[in-house]
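The values are calculated or read from the model by the stated rules, or taken from the named source; none is laboratory data. The shown structure was predicted, so the numbers you read here are calculated from the model rather than taken from an experiment. Using ideal geometry, Cβ is built from the backbone for each residue, glycine included, and neighbour counts are taken over all protein chains shown.
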Amino acid sequence: MQRVFRVLVGLLALLFIGYGLVYMFNPTDLAPLMGIEAKDVLGVSTLRADVCGMFLAIGLMLAAGLWRGDTTWFLAAAVLVGAIMLGRIVGIVADGHTRMVVANLVTEVVIVAILLGAHRRLNV
């Protein structure tokens, strides 16, 4: 089971770092996928800084946790994804939902569960 969690966390690290880097240099491709629009330089800057920066931070925390063998990094990443979940839940209550909003929330719940499970299983 430890190997499974290491692989899952490694894949998540690659995914978050990959998305962060790809969209950091081409954020206008990210906007339509996320249902948002960057109308000017400020909007594009916000996509790069807030969205891509968050993706990179999560991915780097996961990679650091694997590299250093310190699963506290997984908890830090789980807190960030949990904050994203909170925002999504507030949005569902305030604005309603679509199939994609629910799919994103389910994905985030699974990610947090994996990270908490990995922390528990790999914390030796």
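So here's what we get for this one:
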{"read-out": "Any pair with Cβ under 9 angstrom, 6 or more apart, that starts in region 83-104 at a residue that is hydrophobic (A, V, I, L, M, F, W, C) and ends at one that is exposed (fewer than 11 other Cβ atoms within 10 Å of the Cβ) and assigned to a helix (DSSP H, G or I)", "value": "Val101/Asp95"}
{"read-out": "Qualifying position, being modelled with pLDDT of 90 or more and under 17 Å from Arg121 (Cα atoms), among Phe74, Phe55, Phe25, Phe16", "value": "Phe74"}
{"read-out": "Residue count, region 1-21 (criterion: within 14 Å of the chain's Cα centre (by Cα) and surrounded by fewer than 15 Cβ atoms within 10 Å (Cβ to Cβ))", "value": "5"}
{"read-out": "Some residue of region 61-68 being in contact (Cβ under 8 Å) with a residue 24 or more places away in the chain, closer than 16 Å to Leu12 by Cβ and under 10 Å from the mean Cα position of the chain (by Cα)", "value": "no"}
{"read-out": "Single condition Met54 does not satisfy, out of (1) under 13 Å from Leu8 (Cα atoms); (2) touching a residue at least 12 places away in the same chain (Cβ under 8 Å)", "value": "(1)"}
{"read-out": "Qualifying residue in region 32-48 (condition: under 23 Å from Ile114 (Cβ atoms), in contact (Cβ under 8 Å) with a residue 40 or more places away in the chain and not polar (S, T, N, Q))", "value": "no"}
{"read-out": "Residue count, region 106-124 (criterion: surrounded by fewer than 17 Cβ atoms within 10 Å (Cβ to Cβ), assigned to a helix (DSSP H, G or I) and among the β-branched types (Val, Ile, Thr))", "value": "4"}
